[in-house]
1. Mind listing just one residue for me: the one in region 133-162 that is assigned to a strand (DSSP E or B) and not assigned by TED's automatic domain parsing to the domain that holds residue 213 and, of those, nearest to residue 50 (Cα to Cα)?
2. State whether the residues of region 62-83 include one that is touching a helix residue (DSSP H, G or I) at 6+ places or on another chain (Cβ under 8 Å) and within 26 Å of residue 146 (Cα to Cα).
3. Going by the conditions given, is residue 444 within 21 Å of the chain's Cα centre (by Cα), part of a helix (DSSP H, G or I), buried (at least 19 other Cβ atoms within 10 Å of the Cβ) and not assigned by TED's automatic domain parsing to the domain that holds residue 272?
4. Return only the number of the condition from (1) farther than 30 Å from residue 304 by Cα; (2) assigned to a loop (DSSP other than H, G, I, E, B) that residue 450 does not satisfy.
5. Output the number of the condition that residue 71 fails; it satisfies all remaining conditions of (1) surrounded by 15 or more Cβ atoms within 10 Å (Cβ to Cβ); (2) outside any loop (DSSP other than H, G, I, E, B).
6. Which one of these is in the same structural domain as residue 291 (by TED's automatic domain parsing), surrounded by fewer than 18 Cβ atoms within 10 Å (Cβ to Cβ) and assigned to a helix (DSSP H, G or I): 379, 460, 414?
7. Could you count how many residues in region 347-366 are in a helix (DSSP H, G or I) and either at pLDDT 95 or above or over 17 Å from residue 179 (Cβ atoms) (or both)?
8. With the structure loaded, tell me whether residue 302 is modelled with pLDDT of 90 or more, within 27 Å of residue 223 (Cα to Cα) and within 15 Å of the chain's Cα centre (by Cα) or whether it fails that test.
C-alpha cells in the first residue's frame with residue numbers, strides 16, 4: 001500500500017520519531033534494499049510492529065532518498081515483503097517529503113514466527129526486544145507455537161487432576177459463582193464443571209489455567225516450573241547494594257508458590273508487612289496510622305502482574321523488589337497495550353480465563369480500571385505518579401513511597417511563580433535541584449511519565465521555554481544535551 005503525504009516532512013510523524021523499540025532508521029543511496037533489512041522486517045512482524053524509515057541517518061537527521069530511486073525502493077519493499085518470508089507481509093509504504101516510511105504490521109499469532117525462507121529457522125527469524133533484533137531460539141519458537149494454539153492457558157499437562165487440584169479452592173470459587181450467578185452448576189458433576197471452566201480438557205487432562213486457578217500447594221510448580229511463582233526481596237536502601245555494608249545481600253527474601261490466588265494473598269500480606277507506618281493528627285487531636293503506600297495500589301499492581309504475565313515462558317518469575325523509597329513489580333511479558341494508552345485503551349490480556357477468574361474473586365478490578373485505580377489512589381495519598389515501563393521482555397511498575405515534590409521543594413519553587421510554569425517543568429526544576437549535573441530530554445520524560453512517541457518533541461519545547469525564561473542553561477548538543485540551573489538561580 002502506497003500513501004503519498006503532501007505535508008512538509010517537519011510537520012509529520014516522521015519528524016517526531018527517535019530510533020526506539022519500534023522504529024529503525026536506514027540510510028540509502030539507491031533503490032536497492034539494505035542486505036539486512038529482513039532482520040527488521042521479521043523482528044517487527046514477530047513483535048508489536050514498527051516503522052522502517054528510509055532516508056534517515058542514525059542520528060535522526062533526514063538525508064532523504066534520492067528522487068530517482070524512490071519509486072524503485074517502494075516497489076522493492078512491497079515485492080520483498082510479499083515473497084521473501086514464510087507468510088506474505090503487507091506493509092504500508094508512505095512517502096514524507098524526501099523520506100520513505102514503511103510500517104511493518106505485527107503478524108497474527110497463528111502465523112508466527114515470521115522468518116526469511118532463504119535462511120530458515122532459527123537463523124532467519126528475529127523478534128524485537130527493546131531496541132534490539134534478537135535471533136529466534138527454541139524458547140521463542142516454543143512460545144510462538146503456544147500462542148498459535150490459543151495461548152498458554154490451554155497448554156495441557158498429564159496427570160489426574162484430583163492429585164494436583166485443591167478441592168478447597170474449587171469449592172471457594174463455586175461458592176462465589178453461586179452468589180453472583182445462581183447455582184448454575186447444580187446439576188453437573190465436578191468433571192463437567194471443570195471442563196466448562198476449561199480447567200481440564202475433554203479428555204480430563206489438566207490445563208495451565210486449571211493449575212493457576214485450583215492447584216494445591218505443589219501442583220502448579222511441579223507440572224510447570226519453580227519459576228511460576230512470586231519472589232519478594234526487601235533491600236535496606238534505594239539500590240540493591242548497601243554501600244555501608246556491601247556484604248549485605250538483602251534484608252528479607254521470600255518466594256510464594258501454589259496457585260495464583262494463594263500466591264497473591266500470601267505475597268500481598270508479606271509486602272504490606274514491610275511497608276512503613278506513618279501517622280497524622282486528625283480533627284480532635286486523635287492520631288491515625290496509615291501505610292506509606294495505599295494498600296489498594298499494592299493490591300492492584302500485584303494482581304495485574306499475575307493476571308498479565310506471559311505464561312509461555314518459564315525463564316523468569318514475578319519479582320517484587322522493596323526499596324526504602326519505592327516498590328518495583330516486574331513480570332515476564334511486555335505490555336501488549338502501548339504504554340501511553342494503558343489508562344484509556346480497550347482492555348486486552350494474554351490470559352482471559354485467568355483474568356475472568358480473578359475478577360470473579362474480586363482480586364482484580366473491573367475491565368480497564370486497574371491502572372486508573374492505582375494512579376488515583378497514589379494521587380489521593382499525595383504520592384508521586386507510578387512509572388510503567390517495558391524493559392526488554394518484562395513489564396515493570398514502580399510505585400514511590402514519597403511525594404516527588406516535598407515541602408522544602410515547594411518553598412524553593414515559590415521563586416519561580418512569576419514564570420507560570422506547568423507541573424512538568426516544576427518537576428524538572430526539583431530534579432535538577434537534587435541532581436546538579438542536569439536533566440536530559442529522556443529524564444524529563446521519565447519523571448513526567450511521558451510515553452507517547454510525540455513526547456520527545458513536547459519535552460524539547462518545554463525545556464526550551466525554561467531556557468528562554470533564564471531558568472535553565474543548556475549544555476552539550478543533540479541527544480547528549482543536558483539542562484542545568486542557570487547561575488542566577490544557583491546563587492539564590
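The values are calculated or read from the model by the stated rules, or taken from the named source; none is laboratory data. Remember, it's a predicted structure, so these values are computed and weren't measured experimentally. FYI the Cβ positions are ideal-geometry reconstructions off the backbone, even for glycines, and counts take in every protein chain you see.
1. Looking at the filtered set, the residue picked out is 133.
2. Scanning region 62-83 turns up at least one residue that is touching a helix residue (DSSP H, G or I) at 6+ places or on another chain (Cβ under 8 Å) and within 26 Å of residue 146 (Cα to Cα).
3. yes
4. Only one criterion is unmet by residue 450, namely (1).
5. Of (1) surrounded by 15 or more Cβ atoms within 10 Å (Cβ to Cβ); (2) outside any loop (DSSP other than H, G, I, E, B), only one is false for residue 71: (1).
6. Residue meeting the stated conditions: 379.
7. 6
8. Yes; evaluated as a whole, the condition is true for this residue.
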